[in-house]
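See below for the structure under consideration.
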Amino acid sequence: MPRAGVVPWPEEAARTYRAAGCWRGHPLGTYMWDWAERWPDRTALVDGAQRLTYAELAESADVLAEAMLGNGLVPGDATLVQLPNCAEFVVVTLACFRAGILPVMMLPPHREHELTSIGAHVRAKALVVPDSWRGYDHQDLAYRVAADLPEPAQVWVVGDDVRRESADVRRLSRRDGDAQARRRRLDERAPASSEVALFLLSGGTTSVPKVISRTHDDYEYNIRRTADVCGLGTDTVYLTVLPAGHNFPLASPGILGTLYSGGRVVMAPSPRPEGVFAAIEAEGVTDTSAVPAVALRWAEAAATTPRDVSSLRHVHVGGSMLSPEVAAGIGPALGCRLQQVYGMAEGLICYTRPDAPDAVAHGTQGRPVSPYDELLVVDPDGRPVRPGEVGEMLTRGPYTPRGYFGVPEQNRVSFTPDGWFRTGDLVRITPDGDVVVCGRVKDLINRGGEKIAAGEIETLAQEMPEVAEAAAVAVPDPVVGERVCLFVRLHPGHDLTLDGLREVLTGRGLAAFKIPERLEVVEDFPHTPVGKPDKKVLRGLLLSETPV
Ligand code: AMP
Ligand code: DBH
């Protein structure tokens, strides 16, 4: 029985993907023991002074998996995982895969608004959080969220300051006892590979991020193909810099692709160049991934760093637009090859290959990682454009689900009746088959790779008593790509300042990266013929003003 709310692939497509060897029929948790058998004593994971071998990682995940199941969670339960880049993130993720518990990959800046609405949507039965992170008390946040969820939810905590009523992840993943017996017990109750393994979040135009269910079969293929295309192997040392719960560093190929290949994963707590360069030198990092804004900071800082970063072989850059000129400078600055990636939590991943000529590596976002990925570029009426013309990218394939989780009305908009996902991205395809991303038709603001749904901010702003109408648009920004500008029309006799707006939205529990950084109060709010805010006009207002 497929899980309610999950849109399965049609049986014929599923048969094709199985027959072609895309879907192998094993749950993700079992791979961890294959790795541990092949490379038991190799270092799998490094987090500061903490180092885990493959055998230790598999054992720790098994101990935690049994602890979760012993604490009343059952296979199929969803748990919100909100952890910074730390060793426990990997242990918790693998433990969930083992136990058939579904991690929902939240990001550290998420607050009540995101955690509560997504937690309710997936019927979360637990939250996994740090005690605190960057001065913010996540344990307390977790209890506030748990109190607001429709069903009782456990709080699991990573840290030194774990409350008595919380479950202590570090203590409950400490290795002891008979590992082989435990492994057999968990093997016996392993989830089916066709079931959902995890939930990812996407940016989106609805009021909260959309939830994407990924099966064991489809995600394993995602990991395997991207690791293969990027040439990962036992000599790979991968540095995790972007938030680990994001599809890009998690599995494209990232953390899981590196473990799949017998390499070593190093967790970096922040993308700041000093720490990143120090980690590259200390661990001999060969591969890492970044959004363009982060890669550019590194490229600038590399010129003066005293660190030796010569071990670096590839940097994977994607997530938001990157111009060919800027792309061309990244590899030389860092002394490595640039691989561009155009990917999405919804599935499809395109990569420039490590040996691609410069024109392709700099000027395109690569080609699909699987021969079973289908691409279709269409005009606004849904008709295929002529080869090489710009249009919206539609896609289907063995790791691109056929619907978002639990939103049938949204799925009628985001997917065609024959199962193509409408990416909302404007692309063209070169004669050689490489994809060039040209922009997007979706209404998202992309702040340094974090996708912010305009509608989410607008809905909250519109609830303010001063606000009559609100529209969030992107202000182009040289550092993070885009920042949020909120246009508002106020009710007569009211005022609003940027500080006042920011205070209210912060108080509502909106993540800091989504809070508008500019406010424009307008009297004549422009509308389209059907009466929607006309964002084209608003964006035009921002562009037409004279730069200061
Ligand atoms: P998400 O749905 O949140 O996983 O974000 C995926 C979206 O990020 C894509 O649909 C694109 O809009 C954007 N994106 C990802 N990679 C690139 C890239 N290399 N260039 C431009 N936009 C990108
Ligand atoms: O932006 C993304 O979501 C993204 C970018 C690169 C992604 O999901 C991926 C690679 O897998």
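The values are calculated or read from the model by the stated rules, or taken from the named source; none is laboratory data. In this text, all values refer to a predicted model and were calculated from it rather than measured experimentally. Every residue, glycine as well, gets a Cβ built from its backbone with ideal geometry; the counts of neighbours run over all protein chains shown. Ligands, DNA and RNA are stripped out before the accessible areas are found, and what is left, the full protein with its side chains, is counted by its heavy atoms. Shrake-Rupley method; radii C 1.70, N 1.55, O 1.52, S 1.80 Å.
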With the charge dipole of the chain built from beta-carbon charges (+1 for Lys and Arg, -1 for Asp and Glu) about the Cα centre, the Cα from 22, 150, 72 projecting farthest to the positive end belongs to 22
Debye, to nearest 20: dipole size of the stretch 218-440, +1 on Lys, Arg Cβ, -1 on Asp, Glu Cβ
160 debye
List the aspartates and glutamates whose Cα sits under 19 Å from the Cα of residue 451, skipping any in the same chain fewer than 8 residues away.
112, 114, 346, 392, 425, 443, 477, 482, 517
Would you pull out the residues with amide H under 5 Å of residue 155's amide H, same chain only if 5 or more places away, H placed 1.01 Å from N?
127, 167
For residue 278 and residue 512, what does the FRET efficiency come to when R0 = 22 Å and r is the distance between their Cβ atoms, rounded to the nearest 0.05?
0.25
For the chain, give me the percentage of DSSP beta bridges that are antiparallel, rounded to the nearest 5 percent.
60 percent
Give the separation of the Cα centroids, the stretch 254-332 to the stretch 334-385, in Å.
20 Å
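With +1 on each Lys and Arg Cβ and -1 on each Asp and Glu Cβ, and nothing else charged, work out how big the dipole of the stretch 112-253 is about its Cα centre, in Debye to the nearest 20.
Value, rounded to 20: 300 debye.
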Rounded to the nearest 0.05, what FRET efficiency do residue 495 and residue 328 have when you use their Cβ-Cβ distance and R0 = 56 Å?
0.75
How large is the charge dipole for the chain, taken about the Cα centre, if only the Cβ atoms of Lys, Arg (+1) and Asp, Glu (-1) carry charge, to the nearest 20 debye?
900 debye
In the stretch 218-440 the accessible area split gives carbon plus sulfur, as whole percent at 1.4 Å, a share of 54 percent
Using the Karplus curve 6.51 cos²θ - 1.76 cosθ + 1.60 with θ = phi - 60°, work out ³J(HN,Hα) for each residue of the stretch 494-503 in order, rounded to whole Hz, and write x for Gly and Pro.
10, 10, 8, 10, 4, 4, x, 4, 5, 5
Could you state the number of Å between the C-alpha centres of the stretch 156-200 and the stretch 50-117?
7 Å
Full-extension gain between residue 171 and residue 534, please, as 0.36 nm times their residue separation minus the C-alpha to C-alpha distance.
125.3 nm
With labels modelled as points extended 7 Å from the Cα through the Cβ direction, what inter-label distance (nm, one decimal) is found for residue 161 paired with residue 432?
5.3 nm
Taking every DSSP bridge whose two residues both lie in the stretch 39-166, the antiparallel percent to the nearest 5 is 30 percent
Expected output is a single nm value to one decimal: the length gained when fully extending between residue 310 and residue 180, i.e. 0.36 nm times separation in residues minus the C-alpha distance. What is it?
42.7 nm
How high is the FRET efficiency from residue 228 to residue 525, r the C-beta distance, R0 35 Å, rounded to 0.05?
0.10
